[in-house]
Amino acid sequence: MRWLPLLLAALWAQKSIRDSVISFFAPSVAYGGYAPAQDLAQRFGWTHVLGGEVLYKTRWNLYLALQGGGLAGDQVKEPDLLRGLNLSSLEQAGLLAFVDENGRIFTPNLRQRGWTASLRVGYVVSALRLPGQNPNSGPFLEIGAGYLSHRILIDKARSERLPLLEGEYLKGLDRLTAGWGLTEAIGYRFYSSRGLINFFVAVEAAQFFTRHLRKYLYDRGTLDQRQRRDFWQGIRVGWSLPLYEKAPPE
């Protein structure tokens, strides 16, 4: 184990970020906005992902990043999700509405919810960094593999109990879907030589191959076992906090 202190010393050597490529951890908070494609576009509109990443960058500007976040969106396009479940008199009147146990008429709000996580490897091309920036900054290329889970949240808008939209029956309506896929990104990472101005911005895409986890659709009375192609493309921005030991002033 004599090599362990030498390895730690090499990893945490006191070097200046201003003129040296150094290794460090960098936790980040991030936001992503994505336009869905393929099957995902048939169910949802613009998707928001709020989360973060934990990155470790080496002295060779290679890095490994664990990223993730929660999904949210207000554009649900699933056709006829609740049709046939409400009162026929309301449906004939063109209203998608329900009557709760207290006789209150309400219309559920449909929203997108879910989460995603991925493990990515990347490389910062410091030779193409903007003038005046340190060699830890620059354009980056990134690829990875990840997992996506999404569902439809049926919000009863504070109405009272309604058995059709609760418990196990609700699970047959929420379209819970998940699966593995690939991610790709290209962007720019900036690490300041002084201060807290550290950020990244990227254009990225993902291709997830998912399946419906509930299998049986209560509103349609059918099974759904087909493989889906839930793709998206969009932008991701974030603020980072690189953690490293600063070199003493010369």
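We did not get these values from a lab; they are worked out from the coordinates using the rules stated. Note that the coordinates shown come from a computational prediction; the quantities given were computed from them, not determined experimentally. A quick note on method: Cβ atoms are made from the backbone with ideal geometry, for glycine too, and the neighbour counts reach across all protein chains shown.
So that you can scan it fast, the table gives a plain yes or no per residue for (1) of a type in the set (Asp, Glu); (2) in contact (Cβ under 8 Å) with a residue 60 or more places away in the chain:
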residue	(1), (2)
ARG129	no, no
GLY132	no, no
ILE143	no, no
LEU153	no, no
PHE200	no, yes
GLU204	yes, yes
PHE208	no, yes
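Mind checking which residues of region 62-76 are over 13 Å from ARG236 (Cβ atoms) and surrounded by 14 or more Cβ atoms within 10 Å (Cβ to Cβ)?
Passing the criteria: TYR63, LEU64, LEU66, LEU71, ALA72, GLY73, VAL76.
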Completion exercise
The number of residues in region 187-203 that are surrounded by 15 or more Cβ atoms within 10 Å (Cβ to Cβ) and in contact with a Phe, Trp or Tyr (Cβ under 8 Å, 6 or more places away or on another chain) is 8
Exercise for the section: Would you check if there is a residue in region 29-39 being more than 25 Å from TRP232 (Cβ to Cβ) and among the aromatic types (Phe, Trp, Tyr)? Expected result: no
Handout entry: Considering residues of region 126-150 that are surrounded by 14 or more Cβ atoms within 10 Å (Cβ to Cβ) and not in a strand (DSSP E or B) only, the residue nearest to the chain's Cα centre (by Cα)
Key = SER137
Practice task
Kindly check whether there is at least one residue in region 49-61 that is over 17 Å from ARG175 (Cβ atoms), touching a Lys or Arg at 6+ places or on another chain (Cβ under 9 Å) and surrounded by fewer than 16 Cβ atoms within 10 Å (Cβ to Cβ).
Solution key: yes
